[in-house]
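The values are calculated or read from the model by the stated rules, or taken from the named source; none is laboratory data. Small disclaimer: the values here were computed from a predicted structure and weren't measured. FYI the Cβ positions are ideal-geometry reconstructions off the backbone, even for glycines, and counts take in every protein chain you see.
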Amino acid sequence: METLKQKTVADLVTENIKTAHIFKKHGIDFCCGGGISIERACEKKGIDVETLEEELIQTLADNDRSYNYKSWAPDFLADHITNVHHNYVEENSTLLLQYANRVMKVHGHHYTELVEINDLVRRVVGELASHMKKEELILFPFIKKMVSAQKEGTTLPRPHFGTVNNPIALMEEEHDAAGELFREIAELSNNYTPPPSACNTYKAFYAKLEEFENDLHLHVHLENNILFPKAKTIEKEILQ
């Protein structure tokens, strides 16, 4: 029987989304890099696996209600991602860019890392905008067509991209790229810790960056570890 420490990080977060907070606290990637065992993740981070296991067990024992994303139908989950996470990115990107530019102009001469952070923020916001449109205009509509075809027993027209695996592979690559940009931002900002002399705008900027990254982690987790595997399974079942 598989022990807790042998489970992959992604699998545990998929089973109970509340465990994501524990992994986040310890700096363990649960979205793009979640395919390794909890034991291996602890080894890489130099964390005592027994301590982490105790925290996870405590979290799993907490019966507070949380969304069981794994039980949601793929079309419903795709709509949820669009309405909640895509909208979050769209609504907060302009503010994030304004913060990044203002803080860099005022404090960049002293805290030179702000110049690079500003550039990274612009890159990740631009890449996410393009990425989300591909999902909303191409991938998600096809997933909905597959769900409909499976329910109604109708023939699914072959898409121009051949198989759902192709756009999914591209989306996963872009997730990795966005994750890497935010890892750089987190490192440059000392995990979003403003200097003691920081003004309120500086503090607000780092707080918004951290909030944005946290939302992105859940966003990517829902796609990489739940929606995309479901889509691949449906396509296989239809083709058979």
Pairs returned, first residue in the range 31-51 that is of a type outside the set (A, V, I, L, M, F, W, C), second residue that is surrounded by 12 or more Cβ atoms within 10 Å (Cβ to Cβ) and part of a strand (DSSP E or B), beta-carbon separation under 8 angstrom, 6 or more apart or interchain, are G34/T8; G35/T8; S37/T8
Checking E15 against (1) of a type in the set (D, E); (2) touching a Phe, Trp or Tyr at 6+ places or on another chain (Cβ under 9 Å); (3) over 28 Å from L181 (Cβ atoms): exactly one of these is not met. Which one?
(2)
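In the range 149-166, how many residues are within 18 Å of W72 (Cα to Cα) and either in contact (Cβ under 8 Å) with a residue 40 or more places away in the chain or of a type in the set (F, W, Y) (or both)? Show your work before the answer.
From the range 149-166, those within 18 Å of W72 (Cα to Cα) are 149-151; that's our starting set.
Filter again for either in contact (Cβ under 8 Å) with a residue 40 or more places away in the chain or of a type in the set (F, W, Y) (or both), leaving 149-150.
The qualifying residues number 2.
Conditions (1) surrounded by 17 or more Cβ atoms within 10 Å (Cβ to Cβ); (2) among the polar types (S, T, N, Q); (3) modelled with pLDDT of 95 or more, marked per residue:
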| position | (1), (2), (3) |
| --- | --- |
| E174 | yes, no, yes |
| A177 | no, no, yes |
| E184 | no, no, yes |
| S189 | yes, yes, yes |
| P195 | no, no, no |
| A198 | no, no, no |
| A204 | no, no, no |
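Test V84 against the stated conditions and say whether it is on the phi < 0 side of the Ramachandran plot and surrounded by 15 or more Cβ atoms within 10 Å (Cβ to Cβ).
Details: on the phi < 0 side of the Ramachandran plot: yes; surrounded by 15 or more Cβ atoms within 10 Å (Cβ to Cβ): no.
In short, no.
Residues are listed down the side, and each one gets a yes or a no for (1) outside the structural domain of S130 (by TED's automatic domain parsing); (2) closer than 13 Å to H221 by Cβ:
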{"site": "D11", "(1), (2)": "yes, yes"}
{"site": "N16", "(1), (2)": "yes, yes"}
{"site": "I36", "(1), (2)": "yes, no"}
{"site": "E43", "(1), (2)": "yes, no"}
{"site": "E53", "(1), (2)": "yes, no"}
{"site": "A78", "(1), (2)": "no, no"}
{"site": "N87", "(1), (2)": "no, no"}
{"site": "S93", "(1), (2)": "no, no"}
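So for the range 211-219 (the condition being more than 18 Å from the chain's Cα centre (by Cα) and in the same structural domain as H86 (by TED's automatic domain parsing)), does at least one residue qualify? Write out each step before concluding.
Applying the first criterion (more than 18 Å from the chain's Cα centre (by Cα)) to the range 211-219 yields none.
Scanning the range 211-219, I find no residue that is more than 18 Å from the chain's Cα centre (by Cα) and in the same structural domain as H86 (by TED's automatic domain parsing), so the answer is no.
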So, in the range 121-137, how many residues would count as being buried (at least 20 other Cβ atoms within 10 Å of the Cβ) and closer than 17 Å to L188 by Cα?
2
